[in-house]
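In what follows, a structure is listed as structure tokens, so that the remarks can point back to it.
Taken together, the values in this text are just the output of simple stated rules run on the coordinates, not laboratory data. Treat the numbers as computed from the prediction; the structure is a model and nothing was measured. Glycine gets a Cβ as well: all are built from the backbone with ideal geometry, and neighbour counts include every protein chain shown.
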Number of protein chains: 2
Amino acid sequence: MPLTRRRWMTATGAAAAALAAPRAAGGASAPPPSPLPPPLPADAFRERQARLRAAARTAGLAALFATPSTNLTYATNLSIGRSERLTALLLFTDGPAVLVTPFFEEENHRRDVVADDVVTWKEDEDPMPVVARLLGSGPVGIEGSTAYDTVARLSAAASVGPRDASDVFEGLRRVKSPQEQAFIREAARRTILAIEATHRSLAAGKTEGEIARALEAAFQAQGVSGGGLVQFGPSAAYPHGGPGERRLAKGDVVLIDAGCKVRGYTSDVTRTVAFGPPSDDVRRVYAAVDRGQRAGIDALRAGATGAEVDRAARQVIAEAGWGDAFTHRLGQGLGLDGHESPYLVRGNATPLAAGNTVTVEPGIYLPGKFGVRIEDDYAVRDAAPAAGLSVRPAELVVLRA
Amino acid sequence: MPLTRRRWMTATGAAAAALAAPRAAGGASAPPPSPLPPPLPADAFRERQARLRAAARTAGLAALFATPSTNLTYATNLSIGRSERLTALLLFTDGPAVLVTPFFEEENHRRDVVADDVVTWKEDEDPMPVVARLLGSGPVGIEGSTAYDTVARLSAAASVGPRDASDVFEGLRRVKSPQEQAFIREAARRTILAIEATHRSLAAGKTEGEIARALEAAFQAQGVSGGGLVQFGPSAAYPHGGPGERRLAKGDVVLIDAGCKVRGYTSDVTRTVAFGPPSDDVRRVYAAVDRGQRAGIDALRAGATGAEVDRAARQVIAEAGWGDAFTHRLGQGLGLDGHESPYLVRGNATPLAAGNTVTVEPGIYLPGKFGVRIEDDYAVRDAAPAAGLSVRPAELVVLRA
């Protein structure tokens, strides 16, 4: 049917709280699910729409156009997967917020969407003329992730010029409200619980894939949809995950990079632990990553640039002799997306602002040997210290092997 | 870290065969996993690249540009999630296939990608000038799902004009090779096994969410990543899934719409069964949907238009008195995407061709009462009958309640 896997993931994600019944994580005893914080009220979305209108006006736009994306979710509370059937928000700078959606989706979408009007199109109808008629003339700001062929079809149907409205959305989304920060904090709390439960399911001979499934189950047991990368020993030297077939051996590092969503807001936490007594190399590398992370966190405050915060951590790791082995940026913003602005990366001269939420995640990767990454989530404040959204580990954890 | 949930899903999807260990589906006894068919050889991707070049040349393009998407997978075998870090194929009409990718992803991507060259960019570098330099001048065909802001940044950096290349990819992808059809057939076979295993786990009082998880587990037990919608009784009247909290009661219909991927190729199968003796209404509606599906299948052959096939099924259902309750199109193409061209829908005047693979999935939805959909997958041949990729049910299945 009318079903894509992506759509289904979105649907089960959204409904996870309702669906979740406790079930045993593979071998781990996960704590029972606690209730999720209440969702944002409809007024929060109306306020966002007012702020989007103001930003669009400043940018000289007559309307914003957004298809399913985290920006659509941000603006309307509607969290659905994208499909070949057009669903789009038309947010008029001096007018209503209109959702255009397939006729047979209307009831489904009306349940969640915060909008002034819903306009439907029929299965055998081309929705683009419908959208064009509503838009009239005037420059239209296109949500940045919109598919290029959607814009091409819109341009052909409408008398309007498309403009990239990435900055309009990004500018607002970068600064998180206290409620948004609380969602990330709660997601991070559940992530750390899930990682700890997964640690209890480790045993020599188990594969990364088996443990990845135990991790998923540990999230599910908490009523949230989540998962992540599990890497043992030399696999952990790949910053984005290895092949997944390695079996755990005594002395391996175990790197788990995991996240989940609470009310749509993402956490992203990495823990590297030792399965059995670690080598001196592992201890030294861990200590360098740990010091690098602390240096990054200490540098994190409004007014500092992403480049400065990255440099603070990188310098510590370079001085320890592993500068070349820290192959990625220090961190990135997180919110409705797991990767969003602002980025803590060389070359980013934009000053951070209070309310930015970011990961701080230095790593050292030694190909053929092992890798260590420590990742925590922080909210930038006017002055240091930044507010920890996840509780960082005090020291290298050594598990009994 | 560098991890998005979507990326992780992609990764586990790709590695599912390797990772999968048999595990009991919630209450159901799923059969043990059988080996997957072998993947396509590298030469198959080189041949696709040659055909893409020819199509691009005909369209007057100097190169094609594709970021992570099923079209990138189709062209290069690289199946990764999209992120804010640019990975893109530049396929030159009269030149090489070049993958541009972040430095620290190179090793990961080289494992899978079929390309003539890999060019990397560093974490603190803007990749767009790199891409612009490679592209030179000349019209560039943009893969249709490319994010609008990527195209906007590319246009700003390059001296080239972007053009929508959706048709270039779509034209080739619509016609499936025998190997591609075999992948879909194998995915459909596993989907029907998963649905049947899930039926064995049904019990009064269970929620749709619990059964959806049993469905997932039944796929996992077969070494594939899959899932779907589970709807009981009145919930089944929503063609795209209801809220998921309903508990199963004797007399409910149980609608399961599920799919999985084999070597990247999708299946999409829906079964509606009765949990305990069905009402006469359910029997009559089921019979009408069944007849409608058969009429659609009979009409399916090269040369018929998508509109004609849709009409054949719709007419039967309308004559039975439920025309208004069949609220969506009859079906759509499936392949690397679960929804792709060609569409079996009113207004589609493009003739079908041998090798098109489509779903045939009529449904009748009676709000407040129940819904019935039957969905199977077919490959179009020069003459009817089309080749069944899934084995359609002979009659309404009534489960013991």
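Structure data summary
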read-out: The stretch A:170-183 - phi-based ³J(HN,Hα) in whole Hz, Karplus 6.51/-1.76/1.60, Gly and Pro as x; value: 4, x, 6, 5, 4, 9, 8, 6, x, 5, 4, 4, 5, 5
read-out: Cross-link pairs beyond the 25 Å C-alpha cut-off, checked among A:Lys250/A:Lys369; A:Lys369/B:Lys122; A:Lys176/A:Lys261; B:Lys206/B:Lys369; B:Lys122/B:Lys261; value: B:Lys122/B:Lys261
read-out: Amide hydrogen neighbours beyond the local backbone of A:Val119, cut-off 5 Å, H modeled; value: A:Leu99, A:Val100, A:Thr101
read-out: Chain A, dipole about Cα centre (Lys/Arg Cβ +1, Asp/Glu Cβ -1), debye to the nearest 20; value: 820
read-out: Residue among B:Pro96, A:Val289, A:Leu202 farthest towards the positive dipole end of the protein assembly as shown, charges placed on Cβ; value: A:Leu202
read-out: Amide H contacts under 5 Å for B:Leu344, placed H, 5+ residues apart; value: B:Gly331, B:Gln332, B:Gly333
read-out: Shielding score for B:148-157, defined as the mean number of other chain Cβ atoms within 10 Å; value: 5
read-out: Value of [θ]222 nm, deg cm²/dmol, for chain B, DSSP H segments ≥ 4, -39500 (n - 2.57) each, nearest 500; value: -11000 deg cm²/dmol
read-out: Leading residue at positive end of dipole, the protein assembly as shown (Cβ point charges), from B:Gly251, B:Leu135, B:Phe45; value: B:Gly251
read-out: Using θ = phi - 60° and Karplus 6.51 cos²θ - 1.76 cosθ + 1.60, couplings along the stretch A:371-379 (whole Hz; Gly, Pro as x); value: x, 10, 9, 10, 9, 9, 10, 9, 10
read-out: Highest average packing first - B:55-61, A:137-143, Cβ atoms within 10 Å; value: A:137-143, B:55-61
read-out: Charge dipole magnitude, Cβ of K and R +1, D and E -1 - the stretch B:42-173, Cα centre, debye nearest 20; value: 380
read-out: The protein assembly as shown, dipole about Cα centre (Lys/Arg Cβ +1, Asp/Glu Cβ -1), debye to the nearest 20; value: 1320
read-out: Listed residues B:Val130, B:Val98, B:Val168, most fluctuating in chain B (Gaussian network, C-alpha, under 10 Å); value: B:Val130
read-out: Rotation relating A and B, chain B residue nearest the axis via C-beta, angstrom; value: B:Tyr148, 3
read-out: Globularity index of the protein assembly as shown, i.e. its alpha-carbon radius of gyration over 2.2 N^0.38 Å; value: 0.92
read-out: Helix A:148-157 axis, angle to chain A major axis (alpha carbon atoms, nearest 10°); value: 10
read-out: In sequence order, calculated HN-Hα J values of the stretch A:91-101 (Karplus, 6.51, -1.76, 1.60; Hz; x Gly/Pro); value: 9, 7, 4, 10, x, x, 9, 10, 9, 9, 8
read-out: Angle in degrees between helix A:208-220 and the longest Cα principal axis of chain A, rounded to the nearest 10; value: 60
read-out: At 7 Å out from Cα toward Cβ: B:Pro385 inter-copy label distances (nm, ascending); value: 7.1
read-out: Exercise: per-residue mean of other protein chain Cβ atoms within 10 Å, B:68-80; value: 0
read-out: Nm distances between copies for B:Ala401, ranked from closest, using label points 7 Å along Cα→Cβ; value: 5.7
read-out: Most mobile listed residue (B:Leu352, B:Leu255, B:Leu366) in chain B, GNM with C-alpha springs under 10 Å; value: B:Leu366
read-out: For B:Asp164, distant residues with modelled amide H under 5 Å away; value: B:Ile142
read-out: Positive-end extreme of charge dipole, the protein assembly as shown - chosen from A:Pro33, A:Leu366, B:Ala299 (charges on Cβ); value: A:Pro33
read-out: Position B:Ser177, label points 7 Å along Cα→Cβ, spacing to each other copy in nm (shortest first, one decimal); value: 5.3
